[in-house]
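Participant: The structure is given below, and queries will be raised subsequently.
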Amino acid sequence: EAFAKLEAFCTGSGRAATLGCNVQTISWTHSVGDQENFKLMNTYIREVMDGRESESFRLVDFFNLGAGMPEEVVNGHGSQMLNLWVWQVMLGAMCPVELASEGSYVTWVGDLCSGTDADFTNCPRYYPACLDGPRCEHWECMNSVPCQMEASEPPALSAFNVYACDEPKVAEWANVSSAFALDACYNARGNRIRVWCEQDREWVLPAAFVTAAVALLGCLKAKEACSRKVDASKQAPEKAEAKTPAEKQKQEHEEQAIRIEMPPAQAESACSSSPASLVHKKMPALLGQTGPPESTGRPEKTPAYPVKGASVAVASPKDGAPANGDAGAVAVAVDQAAPEEEAMPKAEPVAKVADVAKDGAKKFQAAGNKFPLGLARFLASTHIVVGHLYAKPGVTSGEYVFGWGFTWVPWFFMLSGFVLFSAHLKKPKQEGMLEYVMRRSVTIYPLYAFSVLVSFALKKSMGALTTDVPTLIAQSFLLQAWNPQWTEQALQMHCWFLSCMVVYWFFFKPLARCFKDLSLRGTAALMFFFFFLPWLMVIVPAAMGEDIDWYKVRGTKTDQVFDFGITMLKFHPLCYAHVFMLGMLLAKLRLLLDIKAKAVGPVDSWRNPFRLAIQFVAPLGYLALILVFSVSDGVSPSVWGYKLTARLSVLLPFQAMVLFGLAGLPSLPLPVLGWAFQKLDFLEKYSYAVYVFQFICYSLWPATGEVILPLFLVFCVSIAVIMAILVQKHVQNWWG
């Protein structure tokens, strides 16, 4: 009804028909939640305008205009540059053509025209005077300094003496050189944002770097094979020279398991001259026989070397053999030692230990502390990369699941605490706190430092370096997470979590002393407390009548105490310490439950309830996370405190289930999912590099707008493989 009245007012004989009317879509914003709402509302606007549009009743799509200039939107408000473009579109449709300026090129005059200049140092009349008011906002600062949009003649391209609006000459010039072409390599201010721009060449980088990565892996495998052959050829003569024949024979007997499968009546004649004859003579006593062994008519010989001991295991009969006492298969392991002056007679083993395992008691490989987490790490890193792309407007297809990638960053804190404390509980190592940090840092710092140098070089070459010297110094020592101003300005900003990690490693030893003697009840109580802690960010605002996303109404910069606190919640080490400690408690819980599992019954039996239950832990954890990440109909992300509270790990229970369920219990066989995951454990070597180099990969990507996601991920992984081989491996060897 409203649009019908508006159409009558703006068209035909309506009062506004001469100049016409503009109906606009809602402006673009960075907020993911607002974007979804705006897209829905804009869809209704377009549907109503469909069939009504005319020269005097126009639809202006401000949402897509803003999406094309995302850097010009600050805290949901457009910069003067964006707003002037909006007015240019609106007035250009209303005003008579003879009133248009003669120039066809835009010049911006002012110190705060662009959103990239939104800093309180650029608006001295607004800041610090705003501190006396209710708030200080960067978008208000941005609009407090006048900016003019002026029309002028385009600059001459001196190499050809043509103007940008001279179409015939521009076409001729473009065929000769594109050196001065304005394309997607530049943002609205003319700053270069891409190292290389080829919109239709996205396949080139993945193809080139995959080829390089495969070649490097091939060379590495060939080098390792050659090294093994050389080492084997060097060690063979040394072993031959170092051992006497008696020592060789002694070693062979110590490593052999002799299986005797014959009736006792024939055993003496078959084995009387071998060391096994002694074992056979002792066999009746070992097996419980009371009668004397059958005589062979030959005098007994006493061996010239003593028998240290023997272990006996009765194996099951082979298929087709009589299952009676006279023909039972007996496996005997003999531990003997011969003096150097007398050579030991060599016995011919019937079967080795592997055969005993095959025909007798079943063998299994316990889970132990070799965790099958390589694929899980890789999937988490990849989801984080996709989530960061999702946060960039127009870069991905906007799938709901992409927006949850950030929740995996704290999971790596928990994983670190779990793995380190598991190793510590098994075999504590005596070393100081600083020594421990330095030893652990070799796994993260080389690749991080190299990525910072690459990022610095790229930004410097494109004139986009805004990081100040104090921040560069701080992040060189992994201190950026302690000061929110450093965190937001740092190169490789997403590596803030490394700054937290070294803190947790520093306090690992004291924490280990606190947790190592916890009981099952104490461990469970502390875990429940840490699981509950992030939910305070949901419960407290609700109790106070605040919105669940209360933090969004404030700025995200660091010029106010409130904003400073929000940024601390996002990045500060103190805010994620509970996640690391939860990982340590998970390791302790694993050990305590393992003791109970061994007490219940055979650990390799499916009748053991612990073995059966552990199969479902990781699958259920993944299922719960997939539902949270993918089901958006009827379920608001605010249920999980999206985005700040989810960042602080309200999803920890599900992520802990993934970690615990894949690792299994030490004495039990690996869970089925963990067994499957361990086949791809080699991906663990590259998951960290994928995370570290993701934004460098994006700055090298040749196309703007929506990326071909599979190609981009292949490119990232190939870069990660190359960096892991050429940088991490060599620097880590040098460091360690």
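Participant: Kindly establish whether Leu668 is under 30 Å from Phe528 (Cα atoms), modelled with pLDDT under 95 and not β-branched (Val, Ile, Thr).
Facilitator: Details: under 30 Å from Phe528 (Cα atoms): yes; modelled with pLDDT under 95: yes; not β-branched (Val, Ile, Thr): yes.
Spelling it out, Leu668 is indeed under 30 Å from Phe528 (Cα atoms), modelled with pLDDT under 95 and not β-branched (Val, Ile, Thr).
Participant: Let me ask another. Being open to solvent by 20 Å² or more (accessible area, probe 1.4 Å) and aliphatic (A, V, I, L, M) narrows it down to one residue among Ala380, Ala376, Ala367, Ala391; which is it?
Facilitator: Details: Ala380 fails: open to solvent by 20 Å² or more (accessible area, probe 1.4 Å); Ala376 fails: open to solvent by 20 Å² or more (accessible area, probe 1.4 Å); Ala367 fails: open to solvent by 20 Å² or more (accessible area, probe 1.4 Å).
Matching residue, one of Ala380, Ala376, Ala367, Ala391: Ala391.
Participant: Continuing with the same structure: Quick one: in region 559-579, which of the residues that are aromatic (Phe, Trp, Tyr) and either out of contact with any Phe, Trp or Tyr (no Cβ under 7 Å at 6 or more places or on another chain) or at pLDDT 90 or above (or both) is most open to solvent (accessible area, probe 1.4 Å)? Step through it out loud before you land on a result.
Facilitator: So in region 559-579, the residues aromatic (Phe, Trp, Tyr) come out as 562, 564, 571, 576.
This time we only want the ones that are either out of contact with any Phe, Trp or Tyr (no Cβ under 7 Å at 6 or more places or on another chain) or at pLDDT 90 or above (or both), so: 562, 564, 576.
Working: Phe562: 90, Phe564: 73, Tyr576: 0 Å².
Only one residue fits best here, namely Phe562.
Participant: Just to be sure I understand, how many residues within region 684-716 are of a type in the set (A, V, I, L, M, F, W, C) and open to solvent by 40 Å² or more (accessible area, probe 1.4 Å)?
Facilitator: Keep residues of region 684-716 that are of a type in the set (A, V, I, L, M, F, W, C), which gives 689-690, 692-693, 695-697, 700-701, 703, 707-709, 711-716.
From what's left, open to solvent by 40 Å² or more (accessible area, probe 1.4 Å): 695, 700, 708, 711, 713-714.
Qualifying residue count, region 684-716: 6.
Participant: Further question on the same structure: Hey, among the residues in region 455-492 that are hydrophobic (A, V, I, L, M, F, W, C), closer than 19 Å to Tyr698 by Cβ and buried (at least 17 other Cβ atoms within 10 Å of the Cβ), which one's modelled with the lowest pLDDT?
Facilitator: Our first condition is that a residue be hydrophobic (A, V, I, L, M, F, W, C); within region 455-492, this holds for 456-458, 462, 464-465, 469, 472-474, 477-479, 481-482, 486, 490-491.
Filter once more, so that each one left must be closer than 19 Å to Tyr698 by Cβ: 456-458, 462, 464-465, 490-491.
Among the residues that remain, those that are also buried (at least 17 other Cβ atoms within 10 Å of the Cβ) are: 458, 490-491.
Working: Leu458: 87, Ala490: 90, Leu491: 91.
Going through the qualifying residues, I end up with Leu458.
Participant: Against the conditions (1) open to solvent by less than 60 Å² (accessible area, probe 1.4 Å); (2) free of Cβ contacts under 8 Å to residues at least 40 places away in the same chain, where does Ala93 fall short? Just the number, please.
Facilitator: (2)
Participant: Testing Ile45 on (1) without any contact (Cβ under 8 Å) to a residue 24 or more places away in the chain; (2) open to solvent by 70 Å² or more (accessible area, probe 1.4 Å); (3) β-branched (Val, Ile, Thr), one condition comes back false. Which one is that?
Facilitator: So Ile45 meets the others, but not (2).
Participant: Let me ask something additional. Regarding region 405-427, can at least one residue be identified that is modelled with pLDDT under 90 and not in a helix (DSSP H, G or I)?
Facilitator: Yes: region 405-427 contains one or more residues that are modelled with pLDDT under 90 and not in a helix (DSSP H, G or I).
Participant: Please indicate, with yes or no, whether at least one residue in region 228-240 is of a type in the set (D, E, K, R), open to solvent by 60 Å² or more (accessible area, probe 1.4 Å) and at pLDDT below 60.
Facilitator: Yes, region 228-240 has at least one match.
Participant: Of these, Leu662, Leu627, Leu582, Leu591, which one is open to solvent by 10 Å² or more (accessible area, probe 1.4 Å), modelled with pLDDT of 85 or more and under 24 Å from Phe421 (Cβ atoms)? Lay out the reasoning, then the answer.
Facilitator: Details: Leu662 fails: open to solvent by 10 Å² or more (accessible area, probe 1.4 Å); Leu627 fails: under 24 Å from Phe421 (Cβ atoms); Leu582 fails: open to solvent by 10 Å² or more (accessible area, probe 1.4 Å).
When all the criteria are applied, what remains is Leu591.
Participant: Suppose we keep only residues that are part of a helix (DSSP H, G or I) and among the hydroxyl-bearing types (Ser, Thr, Tyr) within region 428-451. Which one would you say is farthest from Leu589 (Cα to Cα)?
Facilitator: Among residues in region 428-451 that are part of a helix (DSSP H, G or I) and among the hydroxyl-bearing types (Ser, Thr, Tyr), the one farthest from Leu589 (Cα to Cα) is Ser451.
Participant: Within region 528-540, can you find the residues that are crowded, with 20+ Cβ neighbours inside 10 Å and within 26 Å of Met433 (Cβ to Cβ)?
Facilitator: Correct list: Phe530 only.
Participant: When only residues in region 594-624 that are over 27 Å from the mean Cα position of the chain (by Cα) and crowded, with 18+ Cβ neighbours inside 10 Å count, which is modelled with the lowest pLDDT?
Facilitator: Val603
Participant: Scan region 13-22 and give yes if some residue there is closer than 22 Å to Ser397 by Cα and surrounded by fewer than 14 Cβ atoms within 10 Å (Cβ to Cβ), otherwise no.
Facilitator: Restricting attention to region 13-22, the residues satisfying the condition of being closer than 22 Å to Ser397 by Cα are none.
No - not one qualifying residue is present in region 13-22.
Participant: Can you pull out every residue in region 604-624 that is touching a residue at least 24 places away in the same chain (Cβ under 8 Å) and small (Gly, Ala, Ser)? Spell out how you get there, then give the answer.
Facilitator: To start, the set of residues in region 604-624 that are touching a residue at least 24 places away in the same chain (Cβ under 8 Å) comprises 604, 608, 610-611, 614-622, 624.
If the condition is that a residue be touching a residue at least 24 places away in the same chain (Cβ under 8 Å) and small (Gly, Ala, Ser), then Ala618, Gly621, Ala624 are the ones that fit.
Participant: Limited to region 630-659, what total is found for residues that are over 22 Å from Leu582 (Cα atoms) and modelled with pLDDT under 80?
Facilitator: Here is the first cut: in region 630-659, the ones over 22 Å from Leu582 (Cα atoms) are 630-639.
Now restrict to residues that are modelled with pLDDT under 80: 632-639.
Residues flagged as over 22 Å from Leu582 (Cα atoms) and modelled with pLDDT under 80 within region 630-659 amount to 8.
Participant: Which one is surrounded by the fewest Cβ atoms within 10 Å (Cβ to Cβ) among residues in region 121-135 that are farther than 19 Å from Gly78 by Cβ and at pLDDT 75 or above?
Facilitator: Arg125
The values are calculated or read from the model by the stated rules, or taken from the named source; none is laboratory data. Everything quoted here is computed from the prediction, not taken from an experiment. Cβ coordinates were reconstructed from backbone atoms using ideal geometry, including for glycine residues, and neighbour counts include every protein chain displayed. The accessibility values were calculated without ligands, DNA or RNA, using every heavy atom of the protein model including side chains. Shrake-Rupley method; radii C 1.70, N 1.55, O 1.52, S 1.80 Å.
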